[in-house]
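Below is one structure, written out as structure tokens, with a few remarks after it.
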Amino acid sequence: MSAVRRLDPVLVDRIAAGEVVERPAAVVKELVENAIDAGARSIEVTIEAGGRRLVRVVDDGRGMSPEDLDLAVERHATSKLPDGDLATIRTLGFRGEALPSIGAVAHLAILSRRPEDPIGASITVDAGRKGAVRPAPASPGTRIEVTDLFAATPARLKFLKSDRAEALAAAEIVRRLAIAHPEIRLSLKGDGLSALAFPPEPATPEGFLRRAARVLGQDFAENSAALRAERENLVLAGHVGLPTFHRGAATHIHFVVNGRPVRDKLLLGAVRGAYADTMASDRHPVLALALDCDPRLVDVNVHPAKTEVRFRDPGLVRALVISAIRDALARAGHRAATTGGLRTLDSLRAGYLPGWTPSPPRHAPQPPAESWQAPLDSRANGFGEAAQASFASFQPSADARAPAPAVEEPDAPLGAARAQLHETYIVAQTRDGIVIVDQHAAHERLVYERLKAERAGSGIARQGLLIPEVVELDPVDAARIAGEAEELLGLGLAVEPFGPGAVLVREVPAALAGSSAAALLRDVADALAEGGASGTPVAERLDAILSRMSCHGSIRAGRRLSPPEMNALLRQMEATPLSGQCNHGRPTYVELKLADIERLFGRR
């Protein structure tokens with residue numbers, strides 16, 4: 001074994017750079033954060049070849065004096081820890097490693113000037129070799145160029161992805177910083193990349209929402225709920241997307257802690273818990289939340305890239321996030337994502353044949369009604385496939401066009417029921433459009449929320465069976481249910497063992513009266529099995545069990561409803577939180593605006 005020796009300082013810098021500069025996006029992150037800490041109000045980022053060839057960041061911040069510039073490229077030199085207290089970090093960067101680490105693996109050129117100085121200064125660092133500080137003309141602020149990234153460590157280049165993938169990673173960094181600091185103008189441009197431009201917004205909740213909508217899409221503004229909660233020196237504020245406004249990946253979850261964008265497992269887990277019974281397990285919410293607290297309550301020095309944090313009281317933070325999100329969603333009431341109606345319209349438009357032209361405007365001359373004849377093939381009517389047999393002779397299951405009480409006028413949010421189609425869907429007329437409701441999904445959510453409210457109050461009301469029912473189960477499932485009989489009694493289900501592989505059901509929740517006790521018990525057994533596999537105590541799985549149970553007390557598809565029943569369901573939905581989606585995260589209704597329907601038929 002060779003003798004121990006001290007490494008060359010340049011080699012030490014290159015090794016250390018691997019912790020901070022893993023890809024071009026990391027360079028963008030460090031330089032933009034430095035600009036923010038310097039008080040910049042406008043930051044421009046330019047990249048070439050995904051950032052390998054060039055990363056340029058120009059800001060209008062405070063700038064640096066020649067003496068500061070000389071020290072800034074030295075390791076562990078920073079202006080962001082004036083008192084050396086790591087417990088009260090109020091800046092984004094504080095390690096003093098960014099600039100020297102970048103200079104160790106690339107060519108770094110800095111041009112900076114303070115507003116009070118008549119002339120600026122420049123310095124270069126080439127693969128760890130520091131140049132002299134020289135006077136140079138410059139505008140107030142700082143301009144940093146990083147060229148030929150990893151030229152000094154070519155092995156690192158082999159681990160980079162394509163230029164486009166690296167450029168998209170840099171864009172994601174800029175988007176996350178844009179949400180964290182809406183008051184700053186941010187822009188990004190580069191080859192093979194759509195330019196990003198975020199104008200400054202006021203430091204208000206409305207400004208935060210506008211910036212979030214620019215990053216997450218304009219649909220986010222109308223499909224989100226405002227949130228603000230405080231607890232023990234923690235302040236959580238922002239907007240959370242409706243459960244029916246979801247994505248296939250968690251990349252649209254934005255958390256900011258004391259101005260720092262983070263991807264923290266504790267916070268992501270809390271979000272998953274908050275949406276647990278309103279969203280499918282393979283979907284992810286869209287949200288932008290900012291958590292502000294005393295710097296002493298959070299450690300931001302647990303990861304070299306500073307994307308993870310550690311809270312002094314993680315349980316308090318998790319409870320705050322879950323309760324605040326749930327309260328915000330509950331206040332949203334029956335709202336469902338507006339994108340459901342747009343997707344419905346898009347699916348209709350997608351069926352139009354090439355060359356199809358819309359009907360003339362409503363004021364154009366129309367042919368006599370008696371001359372109209374239904375086409376033999378429905379595809380001539382602008383739909384991509386023939387009509388289903390169930391539409392061959394259209395007859396609503398129920399018709400609510402008879403005179404109805406004034407309370408059922410279309411002024412209500414979900415309108416007045418006009419028809420039931422295929423004993424499954426309720427069609428309601430609103431003041432400015434129509435609403436189509438999935439009766440089973442909607443009532444399932446209503447029953448579920450009723451059971452949860454009863455459990456949180458005086459307890460779930462039970463109804464005894466006239467004749468107790470014996471349910472045959474797998475012996476393992478029967479033993480599992482018998483072992484949790486006390487917990488199930490709190491859910492309104494009174495059971496007891498009845499020999500090997502059998503359970504006797506004496507009482508069921510009153511809200512589920514009339515449902516099949518056997519089917520109900522089998523679903524409960526499945527829920528217990530799933531929870532047992534994950535190791536979660538029964539007390540923490542009560543909502544999941546109730547969700548399974550509520551399916552049995554809901555109106556089934558295929559059941560014909562009278563007009564009063566349909567209207568009663570609509571009014572219940574309007575009064576019940578979270579009724580815009582079923583227990584599995586699917587929408588319970590879609591709304592089509594009259595203006596969109598008229599465009600569909602060429603009337604606008």
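Structure data summary
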| quantity | calculated |
| --- | --- |
| Subset of region 556-572 (residues that are under 10 Å from ILE426 (Cβ atoms) and touching a Leu at 6+ places or on another chain (Cβ under 9 Å)) | LEU561, LEU569, LEU570 |
| Residues of region 95-124 that turn out to be of a type in the set (Val, Ile, Thr), over 36 Å from the mean Cα position of the chain (by Cα) and either at pLDDT below 95 or surrounded by fewer than 19 Cβ atoms within 10 Å (Cβ to Cβ) (or both), as a count | 3 |
| Count of region 240-253 residues which are surrounded by 23 or more Cβ atoms within 10 Å (Cβ to Cβ) and within 18 Å of VAL215 (Cβ to Cβ) | 4 |
| Complete set of residues in region 134-192 that are part of a helix (DSSP H, G or I) and either among the small types (Gly, Ala, Ser) or not assigned by TED's automatic domain parsing to the domain that holds VAL73 (or both) | ALA155, ALA165, ALA167, ALA169, ALA170, ALA171, ALA178, ALA180 |
| Flag if GLU487 is of a type outside the set (S, T, N, Q), over 30 Å from ASP411 (Cβ atoms) and crowded, with 16+ Cβ neighbours inside 10 Å | yes |
| Region 174-192, residues that are in contact (Cβ under 8 Å) with a residue 40 or more places away in the chain, within 15 Å of GLY259 (Cβ to Cβ) and within 18 Å of the chain's Cα centre (by Cα) | ARG176, LEU177, ILE179, ALA180 |
| Test: residue in region 278-293 that is surrounded by fewer than 22 Cβ atoms within 10 Å (Cβ to Cβ), modelled with pLDDT under 90 and acidic (Asp, Glu) | yes |
| Residue check for ALA478: at pLDDT 85 or above, over 30 Å from GLN420 (Cα atoms) and surrounded by fewer than 19 Cβ atoms within 10 Å (Cβ to Cβ) | no |
| Residue list for region 218-261, restricted to those being out of contact with any helix residue (DSSP H, G or I) (no Cβ under 8 Å at 6 or more places or on another chain) and touching a residue at least 60 places away in the same chain (Cβ under 8 Å) | GLU222, HIS246 |
| Hey, PRO115 of a type outside the set (Gly, Ala, Ser) and in a helix (DSSP H, G or I) or not | no |
| Every pair of residues 6+ apart whose Cβ atoms lie under 6 Å, when the first sits in region 153-166 and is modelled with pLDDT of 85 or more while the second is of a type in the set (A, V, I, L, M) and assigned to a helix (DSSP H, G or I) | ASP163/ALA49 |
| From GLY192, GLY217, residue being at pLDDT 90 or above, at positive phi and surrounded by fewer than 17 Cβ atoms within 10 Å (Cβ to Cβ) | GLY217 |
| Count - residues of region 19-56 that are in a strand (DSSP E or B) and buried (at least 24 other Cβ atoms within 10 Å of the Cβ) | 4 |
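The values are calculated or read from the model by the stated rules, or taken from the named source; none is laboratory data. Only a predicted model underlies this, so the values are computations on that prediction, with no experimental measurement involved. Cβ sites come from the backbone with ideal geometry, for glycine too, and all protein chains shown count toward neighbours.
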